[in-house]
2 protein chains.
Amino acid sequence: MLAISMDVENVPGALKAIAGVIADHGGNIVHIQQDSEGELARLYMEIEGVERPKVLLSELRSLDVVREVRVLRPLKEIYGKRVIVMGGGAQVAEVARGAITEADRHNIRGERISVDTIPLVGEENLAEAVRAVARLPRVGILVLAGSLMGGKIAEAVQELREEHGIPVISLNMAGSVPEVADLVVTDPVQAGVMAVMAISDAGVFDLSRVRGRKF
Amino acid sequence: MLAISMDVENVPGALKAIAGVIADHGGNIVHIQQDSEGELARLYMEIEGVERPKVLLSELRSLDVVREVRVLRPLKEIYGKRVIVMGGGAQVAEVARGAITEADRHNIRGERISVDTIPLVGEENLAEAVRAVARLPRVGILVLAGSLMGGKIAEAVQELREEHGIPVISLNMAGSVPEVADLVVTDPVQAGVMAVMAISDAGVFDLSRVRGRKF
């Protein structure tokens with residue numbers, strides 16, 4: 001993985017030129033985040049599969065639209081995999097407490113795990129937010145924290161698990177979401193701890209061995 | 001803002017072709033996230049400045065490398081602006097509790113605010129993580145939660161504030177980070193609440209009116 005930040009002239013076709021050079025080097029752009037500041041755009045890119053990064057960098061630097069190229073550490077190495085927690089505020093906060101405390105213990109030993117949350121209610125809102133998890137980078141697992149979730153939220157959970165392979169932990173709650181989750185946990189702090197354990201590289205906790213169980 | 005998800009053939013040059021069509025329409029790609037699944041890549045893009053989106057969509061659909069194009073809701077409308085919290089686990093969890101509880105109150109009334117965290121210690125690690133906040137999408141504010149932060153972390157805070165305009169709240173702690181933050185707050189729960197209030201669109205709390213103060 002090659003991670004670079006470029007200062008690029010804010011003109012149409014700049015990305016086309018850059019993407020062309022990267023494609024010539026067999027590179028596959030997996031992530032771009034752009035911030036524009038007037039004439040210049042700052043383009044952060046993560047690129048896979050580049051065989052000769054030094055040659056690529058010098059060709060990018062020689063493009064007319066490119067002012068500067070810096071090599072950075074990829075975001076996954078800095079922030080790691082993400083536990084996403086969504087649902088009612090009180091319960092999201094408790095799951096986050098468990099997950100942050102457990103992630104702290106992992107990160108102190110050199111891992112990197114983030115805990116990202118959004119308090120959100122309503123079937124439509126939550127179903128949409130669950131589906132959109134597939135568009136977020138670095139997601140390891142989703143925890144649904146609430147007292148009643150079903151219907152379209154359950155459909156979105158199934159889609160996320162089946163089409164995108166993202167595992168889902170549900171609190172023990174009313175509605176059909178617990179039926180379609182990988183794991184059901186009653187205590188929100190434990191749900192957060194288990195979510196971190198499940199995506200940890202150091203893991204002795206194998207989600208596939210407890211799939212379908214309720215704690 | 002036009003948000004689309006495309007199923008694209010996983011071949012070199014696919015993005016170049018797509019970027020070319022978008023540039024021809026005056027579009028500016030501000031975000032790309034790619035997931036590859038064998039022959040097909042799923043490309044999520046957020047594009048600004050497109051005047052005739054329907055024509056763009058039909059031209060994208062007619063490209064050889066593009067199998068399917070779906071219009072989606074932009075991530076900012078689903079997950080909103082982000083409060084980022086980093087530092088020691090115990091304090092990150094307390095700041096998160098305040099921020100999640102306050103975000104819940106805002107989101108129930110129709111806003112969207114996320115609270116994203118990483119427990120992390122060490123001057124180098126934290127300085128790098130603070131700097132990398134500039135590469136994350138949708139960041140509204142950063143809260144540093146710990147008992148001692150200074151040196152390179154303070155330099156990174158200054159860079160984030162001055163070069164990227166991202167405000168920083170610091171807990172009242174030892175080290176030089178409180179000196180360079182926009183706001184210093186002693187109680188971690190209040191720090192989280194104030195962070196959400198500061199980036200809320202509904203805000204009666206104006207960070208610029210309390211800048212440099214210590215609570």
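Compute the label zone of B:L40 within the stretch A:128-166: residues whose backbone N is under 16 Å from the point 7 Å along Cα-to-Cβ. The answer is A:134-135, A:159-165. Across the protein chains, with a 1.4 Å probe defining accessible surface, the residues B:K81, A:K76 rank A:K76, B:K81 from largest area downward. For the stretch B:115-141, the residues whose amide N sits under 20 Å from a probe point set 7 Å from the Cα of B:S147 along the beta carbon direction are B:118-127. Using a Gaussian network model of chain A in which every pair of alpha carbons under 10 angstrom is joined by a spring, one finds that among A:S58, A:S147, A:S200 the greatest mean-square fluctuation is at A:S58.
Determine the distance separating the Cα centre of the stretch A:59-91 from the Cα centre of the stretch A:1-47; give it in Å without decimals. The stretch A:59-91 and the stretch A:1-47 have Cα centres separated by 13 Å. Per residue of A:19-30, other chain Cβ atoms within 10 Å of the residue Cβ number 5 on average.
In the stretch B:1-105, a dipole from Cβ-located charges (positive for Lys and Arg, negative for Asp and Glu) runs towards its positive end, and of B:L15, B:L56, B:G88 it is B:G88 whose Cα lies farthest in that direction.
Each Lys and Arg contributes +1 and each Asp and Glu -1, all at the Cβ; summed about the Cα centre of the stretch A:27-153, the dipole is approximately 420 debye.
What does the C-alpha gyration tensor say about the overall shape of the stretch A:124-215? Classify as rounded when a/c is under 1.5, otherwise prolate if a/b is larger than b/c, or oblate. It is oblate, given that a/c is not under 1.5 and a/b is not larger than b/c. Cα centroid separation, the stretch A:171-210 to the stretch A:110-160: 13 Å. Across peptide B:93-103, the mean count of Cβ atoms from other chains lying within 10 Å of each residue's own Cβ comes to 6. The residues neighbouring B:I108, those whose beta-carbon lies less than 15 Å from its own, together hold a net charge of -3 under the Lys/Arg +1, Asp/Glu -1 convention.
Quick check for you: which residues of the stretch A:167-194 have the amide N under 11 Å from the point 7 Å beyond the Cα of A:E111 toward its beta carbon? Inside the label zone: A:193-194. The simple spin-label model puts a point 7 Å past each Cα toward its Cβ; for A:R52 and A:D206 those points are separated by 4.4 nm. Expressed as a whole percent, the accessible surface of chain A that belongs to carbon and sulfur atoms is 46, based on a 1.4 Å probe. In the full protein context, the stretch A:91-143 carries 31 Å² of accessible surface per residue, based on a 1.4 Å probe and ignoring ligands, DNA and RNA. Take the Cβ atoms of B:V11 and B:A174, set R0 to 56 Å, and the FRET efficiency comes out at 0.55. Between A:R161 and B:E155, the FRET efficiency estimated from the beta carbon spacing at R0 = 56 angstrom works out to 0.85. Summing +1 for each Lys or Arg and -1 for each Asp or Glu among the other residues whose beta-carbon sits under 14 angstrom from that of A:A17 gives -1.
The values are calculated or read from the model by the stated rules, or taken from the named source; none is laboratory data. Quick caveat: nothing in here was measured; it's all calculated off a predicted structure. Here Cβ is always computed from backbone atoms with ideal geometry, including for glycine, and neighbour counts include all displayed protein chains. Side chains are part of the model used for accessible areas, which takes the heavy atoms of the whole protein and leaves out ligands, DNA and RNA. Shrake-Rupley method; radii C 1.70, N 1.55, O 1.52, S 1.80 Å.
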